[in-house]
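The values are calculated or read from the model by the stated rules, or taken from the named source; none is laboratory data. All of these numbers come straight from a predicted model, not from anything done at the bench. Here Cβ is always computed from backbone atoms with ideal geometry, including for glycine, and neighbour counts include all displayed protein chains.
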Number of protein chains: 2
Amino acid sequence: MPHTPAFQELTGRFQRLYRFEHLQAIAGWDQATMMPAKGNDARAAALAELSLLIHGQLTDPALGETIHRAEDEALDDEQRADLREMRRQWEAANLLPEALVEAKSLAGARCEHAWRSQRPANDWAGFLENFREVVRLSREEAKLRADALGVSPYDALIYQYEPGMNSAEIERIFGEVKTWLPGLIAQVRAKQANEAVIAPVGPFAIDKQRALGLEVMARLGFDFDGGRLDVSAHPFSGGTPEDSRITTRYNEADFTQSLMGIVHETGHARYEQNLPRHWLGQPIGLARSMGVHESQSLSFEMQLGRHPGFLAQVAPLIRAQFGEQPAFEPDNLARLYTRVEPGYIRVDADELTYPAHVILRFEIERALIDGEIEAEDIPALWDEKMQAYLGVDTRGNYRDGCLQDIHWTDGSFGYFPSYTLGAMYAAQYFATLRRQQPDVDARIAAGDYAPVFDWLNANIWSQASRWETPELIRRATGEALNPVHFRAHLEARYLG
Amino acid sequence: MPHTPAFQELTGRFQRLYRFEHLQAIAGWDQATMMPAKGNDARAAALAELSLLIHGQLTDPALGETIHRAEDEALDDEQRADLREMRRQWEAANLLPEALVEAKSLAGARCEHAWRSQRPANDWAGFLENFREVVRLSREEAKLRADALGVSPYDALIYQYEPGMNSAEIERIFGEVKTWLPGLIAQVRAKQANEAVIAPVGPFAIDKQRALGLEVMARLGFDFDGGRLDVSAHPFSGGTPEDSRITTRYNEADFTQSLMGIVHETGHARYEQNLPRHWLGQPIGLARSMGVHESQSLSFEMQLGRHPGFLAQVAPLIRAQFGEQPAFEPDNLARLYTRVEPGYIRVDADELTYPAHVILRFEIERALIDGEIEAEDIPALWDEKMQAYLGVDTRGNYRDGCLQDIHWTDGSFGYFPSYTLGAMYAAQYFATLRRQQPDVDARIAAGDYAPVFDWLNANIWSQASRWETPELIRRATGEALNPVHFRAHLEARYLG
C-alpha cells in the first residue's frame, strides 16, 4: 500500500459528509411521509442548517488543497476513481460564489412557490415575472461552470446529472429518435385502434393495493430488512443504500398506476441496496448518475414490469387481492400497460410518447440556457413541438403545457434528458442480456428473474461510480449508447 | 433594548444547536419506530457524527468566552435566564475531559451490551466485571462535576436531570415517605383483599387499540397537526416541540397497559407541544427537567388518567371498540387501574408501590457514587430494602432484582429520583388546583378537562426553563415540594 496521507485524509472527510447526508436523507424522507404540518418550519430550518454545514465542509479551503495534494500521490485505479468523484463534488460546491447560490435558491423558491397557484390559474404572464430571474441566474451559473469545465453552458448543467454526457451527443441521439418516433406512434395508434382493452372495475381497497405492492416488491428482490414502502404525495426513492425507502400513492379507483409505480421505485431501490458494501461511505460507492438511476427504475418498470411474461406472473397476485375480473387476464393487462395515447402531461405519458415530451424539453432548455431563445419564446416553441411530435394542440393551455413541470421553476435545467437516456440505456441492457442469454425471456415468463438481477448487479449495481457513464455503458453493453436498441425494443413490443 | 453583542451571538449559536438537535430527535425516533434492521450501523455512525458535531460546538473555546462576556452585559430577566441555561449546557459539555467522556461511553456501551444477555442468564458476577469500570468512571465524572459546582458528587449528577434539587432535600422527602409508605401499602392490600376485580377478556385487536388510543389522545388535547402516535419496542416521547412523537406497544391480550401508556406519553407530548413559541430555539424555551417532564406525564396518567371521573368517560370508548364486558364498568376499570400488588419489577409496579422501587434505587446509587458502598454490595442491600419496603424476597434473583434496569448499565446515575419527584410534583399540582378551583373534580367527571390543561399550561408549560425547578414549583403551588400532598392523594384514592 503506497503512502497516501492526503488521500487518507480525504476518505475521512467524505466519510463524515456521507454520514451527514444520511441524516439529510432520513429527515427529508420523514418530511415527505411522516411529518405533521406544524413540523414543517422547524424541519426546513434544520435541513437548511444541515445543508449549510455540508456546503461549509465542501468549501473548506483545506479540502481543495488536500485534493490537489492527493492528485500527486501514488494511487491505485480505484482510489483514483474515488478521487475523481471527490473532485466532482468539490467542484460542484466551489465553482459558484456564495452570493449566486443564495440568489438562485431564493429566486427558485419564490418562483416555485408562486407557480403552485399560477399553474392552476393558467397564469403564464405571472409566472414569467419570477421565471426570468431564475433563467438569468441559471445562465450565470451555467456560464461559470462552463468556464471552469471548458464546455458549453448547457453541457455544464448536464454534467451535474450525467457526467460524461454532452449535449452534442444527446442531440445526435434524440435527433435520430425524432426521425422515427412520430411515425411509430402513428403506426401503433392505428394498430391499437382495433384492440379491445378492458378496464379494471374498482374500487380497490388501499390495504389490498399495499399488500399487492409488497408482494411484487418481494418477487423483485427488494430487501425488507434494508428498506421500506410508505406513502407520499409524490412518489420517490429515498433513504440510504443501507436503508432504502420508496414511496407510492394509492388511488382507490385504479390500482395499476400505484402497482407499476412501485415496480419503478423498486428498481431504484435495488440499485441502492446492491451498491458494493466495501465502497460505502466514499464517493466512488455512490450510484452513478440520474440517467443510470433512471435506467434501473426503467429496467424494472418498462423492460421487466411490462414484459408479458412478468405480467402473467402478476395476474394471479392481482386476482388474489381483488377477485376475478376479465380485466385481470394477462393479455389484457399487457394491453392496458402498453396503451399508447398522445397527451399533454409528461408524467401521465405512456412508454412510447414519453420520449417526445423529454426531447421537446431538452431542445427548449438547451436553447434557453445557451442564450438562443428567451423565456418569452417558450410557449410558441412548446406549441409547435407538441404539434410536430405528438399532434397535440396546447395553444393557450399553459397549465397543461409549459407550466406543468416543477423542474424549471427552481432552475433544475439539464435534468430532463436523464429520463429518456435512462429508458434507452435500459433497452440497451436488455438487448445485451438477450444476446448473452437467449433464454432470458423464457425464464422471465417462468417467474425466474435472476438473469435480469444478476446482469444488472454485475454490470451496473456493483460498479457504483467506478466509471463515468459512457464508460460504464460501454463496459456493460460493448458499445456506446445506441438508439437502435431502444427503437428495436419499441417496435418489437408495440408492433410485434 | 440594551446593546448585547455577546448575548446576541449566543442566541445564534444555540439556535443552530437547536436545529441539529432537531435532526438528532427525528433520526432517533426513526431508529426506534421505522428503521429496518440493516439500517442500524449507518444510523449509529450518522448519529455519532452528529453528537460529535454538537459536542464540538459546545466545547468551542469561543463559546465559553462569549458566555463570560455576555454575563457582563445588561440583560433583562428573561435573557439572564436564557444565559443561565446556556451556561448549564456549556458546563455539562465542558466539565469533563474528552478522554473521560470517551472512556465512559465505551465502558457503558460494553456493560449495557453484555447486560442484554447477562440479565436473562441471571449472571451478576459477569455483570460486575464490566460494571465496576462504569462505577469507577461515573465516580470520576461525579467528582469533576462536583468540584466545579461546589456540591457533593451525587448531587452533581442529580443536577443534570433536576437542576436546583439536591440529595439532602431528596433524602429528607423520601425519608418521610418511607415512614408511612410500607404501612399504607399493607392497609390498602388488606382493604383490596375483599374487592372483586373483573379482568377484561381478550384478544383485543391492535387496530382497535390504536383507534381507542387516538381517541383518548384527542380528548386529552393532543395536537395531531403537531405530532404522531407510533409503535416502538420501548414506549417513549420524542420528536421536537413543533412535532411531538409518542409511541406505545400493543399487547393483544391486554389493552389496559397500552391505553394508560398512551395517556402517560400524551402528558409528555402536551408539555412539549405547549412550550411557548416565542422562546423556541433557545435554551430557556426547553422543557424544565426530567422530574418536571415526568410530573406532566404523571399528571395525565396518575392524577387525571386514574381519576374515576375520567375512567367513566373512557368506558364508553372502550365499549365502542371492544363491545360490552362486565370488566368495562367504570367502577371496575377504576379498581383495575388502582390494584396494588408488591412485585419485583419497577416498570410493572402500581402507583402505590412504585415509589418504594425508586427510593431503594436512590439510596443505593447515592451511597455508591459517594463511595460509601462498592458495586459488590448492591445485591445484599437490594434484598434488604426490597424486604423492608415491599416484603418481597429477591435473594439470588438478580434478573428480577438489581439487574432489571438499563439505567445503571451505562452509568446514568442520578436519574431514578425523577420518577417519584414527578409523581409528587403532580400530586402537589392537583392539590393546588383543587384549592383554587373546588369544582375541578366535578368538571373532570363531566368530561371537561380544561381546568387541568389551563392550570398546567399557565403554571408549567408556558414557563419552560424560565425558572429552576424549586422556584417553578414554588411559583406554581405556593410552596416547596411537600410530600404531604402525595400522601393525601394516595390515602384519598386508596383508602377513601
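Some points to look at:
- Single match in A:TYR344, A:TYR337, A:TYR271, A:TYR354 (criterion: surrounded by 23 or more Cβ atoms within 10 Å (Cβ to Cβ) and either within 18 Å of A:ALA458 (Cβ to Cβ) or modelled with pLDDT of 95 or more (or both)): A:TYR271
- Residues in the stretch B:74-83 that are crowded, with 17+ Cβ neighbours inside 10 Å and charged (D, E, K, R): B:ASP82 only.
- Residue satisfying all of: in the stretch A:312-344; polar (S, T, N, Q) and in contact with an Asp or Glu (Cβ under 9 Å, 6 or more places away or on another chain); farthest from A:MET217 (Cα to Cα) among these: A:THR338
- So A:ALA46, is it within 22 Å of A:PRO241 (Cβ to Cβ) and not hydroxyl-bearing (Ser, Thr, Tyr): no
- A Cβ distance below 8 Å, combined with a sequence gap of six or more or placement on separate chains, defines the contacts here; from the stretch A:66-86, residues that are at pLDDT 95 or above reach residues that are assigned to a helix (DSSP H, G or I) and among the polar types (S, T, N, Q) in the pairs A:ASP82/A:THR11.
- Residues of the stretch B:14-34 that are more than 7 Å from chain A (Cβ to nearest Cβ) and of a type outside the set (Ser, Thr, Tyr): B:PHE14, B:GLN15, B:LEU17, B:GLU21, B:GLN24, B:ALA25, B:GLY28, B:TRP29, B:GLN31, B:ALA32.
- Residues of the stretch B:364-377 satisfying the condition of being buried (at least 18 other Cβ atoms within 10 Å of the Cβ) and in contact with an Asp or Glu (Cβ under 9 Å, 6 or more places away or on another chain): B:ILE364, B:ARG366, B:LEU368
- Unique match (being among the hydroxyl-bearing types (Ser, Thr, Tyr) and in contact (Cβ under 8 Å) with a residue 40 or more places away in the chain) among B:THR179, B:THR247: B:THR247
- The one condition in (1) touching a Pro at 6+ places or on another chain (Cβ under 8 Å); (2) in a helix (DSSP H, G or I) that A:LEU275 fails to fulfil: (2)
- Where B:GLY478 falls short, out of the listed (1) in contact with a helix residue (DSSP H, G or I) (Cβ under 8 Å, 6 or more places away or on another chain); (2) at negative phi: (2)
A quick yes/no check of all residues on (1) within 27 Å of A:THR240 (Cβ to Cβ); (2) touching a residue at least 12 places away in the same chain (Cβ under 8 Å); (3) not assigned by TED's automatic domain parsing to the domain that holds A:SER299:
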{"residue": "A:THR394", "(1), (2), (3)": "no, yes, yes"}
{"residue": "A:LEU403", "(1), (2), (3)": "no, yes, yes"}
{"residue": "A:SER412", "(1), (2), (3)": "yes, no, yes"}
{"residue": "A:MET424", "(1), (2), (3)": "no, yes, no"}
{"residue": "A:ALA427", "(1), (2), (3)": "no, yes, no"}
{"residue": "A:ILE444", "(1), (2), (3)": "no, yes, no"}
{"residue": "A:SER462", "(1), (2), (3)": "yes, yes, no"}
{"residue": "A:VAL484", "(1), (2), (3)": "no, no, no"}
{"residue": "A:LEU490", "(1), (2), (3)": "no, yes, no"}
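- Hey, B:GLY12 under 22 Å from B:GLN160 (Cα atoms) and either assigned to a helix (DSSP H, G or I) or in contact with a helix residue (DSSP H, G or I) (Cβ under 7 Å, 6 or more places away or on another chain) (or both) or not: no
- Of all residues in the stretch A:111-129, those satisfying the criterion of being touching a residue at least 24 places away in the same chain (Cβ under 8 Å) and assigned to a helix (DSSP H, G or I) are A:CYS111, A:GLU112, A:TRP115, A:GLN118, A:TRP124, A:PHE127, A:LEU128.
- Complete set of residues in the stretch B:381-404 that are of a type outside the set (A, V, I, L, M, F, W, C) and not in a loop (DSSP other than H, G, I, E, B): B:ASP383, B:GLU384, B:LYS385, B:GLN387, B:TYR389
- Checking A:LEU229, A:LEU212 one by one, the residue that is touching a residue at least 24 places away in the same chain (Cβ under 8 Å), within 14 Å of chain B (Cβ to nearest Cβ) and within 30 Å of A:GLN273 (Cα to Cα) is A:LEU229 and no other.
- Selection count where residues are exposed (fewer than 14 other Cβ atoms within 10 Å of the Cβ) and outside any loop (DSSP other than H, G, I, E, B), scope the stretch B:52-73: 6
- Filtering B:ARG87, B:ARG145, B:ARG110 for residues that are crowded, with 20+ Cβ neighbours inside 10 Å, basic (Lys, Arg) and out of contact with any Phe, Trp or Tyr (no Cβ under 6 Å at 6 or more places or on another chain) leaves a single hit, B:ARG145.
- Taken together, the criteria exclude B:LEU157 from residues that are modelled with pLDDT of 90 or more, touching a helix residue (DSSP H, G or I) at 6+ places or on another chain (Cβ under 7 Å) and farther than 30 Å from B:ARG87 by Cβ.
- Some residue of the stretch B:37-45 being within 23 Å of B:ASP230 (Cα to Cα), facing chain A (nearest Cβ under 9 Å), surrounded by fewer than 20 Cβ atoms within 10 Å (Cβ to Cβ) and under 22 Å from the mean Cα position of the chain (by Cα): no
- The stretch A:226-241, subset of a type outside the set (Gly, Ala, Ser) and assigned to a strand (DSSP E or B), residue surrounded by the most Cβ atoms within 10 Å (Cβ to Cβ): A:THR240
- Of the residues examined, B:GLY221 is one that is assigned to a loop (DSSP other than H, G, I, E, B) and surrounded by fewer than 22 Cβ atoms within 10 Å (Cβ to Cβ).
- Condition met for B:ALA93 (under 25 Å from B:ASP405 (Cβ atoms), under 27 Å from the mean Cα position of the chain (by Cα) and away from chain A (no Cβ under 14 Å)): no
- So B:SER105, is it surrounded by fewer than 16 Cβ atoms within 10 Å (Cβ to Cβ), within 14 Å of chain A (Cβ to nearest Cβ), closer than 30 Å to B:ALA464 by Cβ and within 23 Å of the chain's Cα centre (by Cα): no
So that you can scan it fast, the table gives a plain yes or no per residue for (1) without any contact (Cβ under 8 Å) to a residue 12 or more places away in the chain; (2) under 22 Å from B:SER105 (Cα atoms):
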{"position": "B:ARG16", "(1), (2)": "no, no"}
{"position": "B:LYS38", "(1), (2)": "yes, no"}
{"position": "B:ASP41", "(1), (2)": "yes, yes"}
{"position": "B:ALA48", "(1), (2)": "yes, yes"}
{"position": "B:HIS55", "(1), (2)": "no, yes"}
{"position": "B:PRO61", "(1), (2)": "yes, no"}
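- Condition check for B:LEU58: among the aliphatic types (A, V, I, L, M), within 14 Å of chain A (Cβ to nearest Cβ) and closer than 22 Å to A:ALA46 by Cβ: no
- Among the residues of the stretch A:410-430, the one identified as under 20 Å from A:ALA125 (Cα atoms) and buried (at least 24 other Cβ atoms within 10 Å of the Cβ) is A:GLY411.
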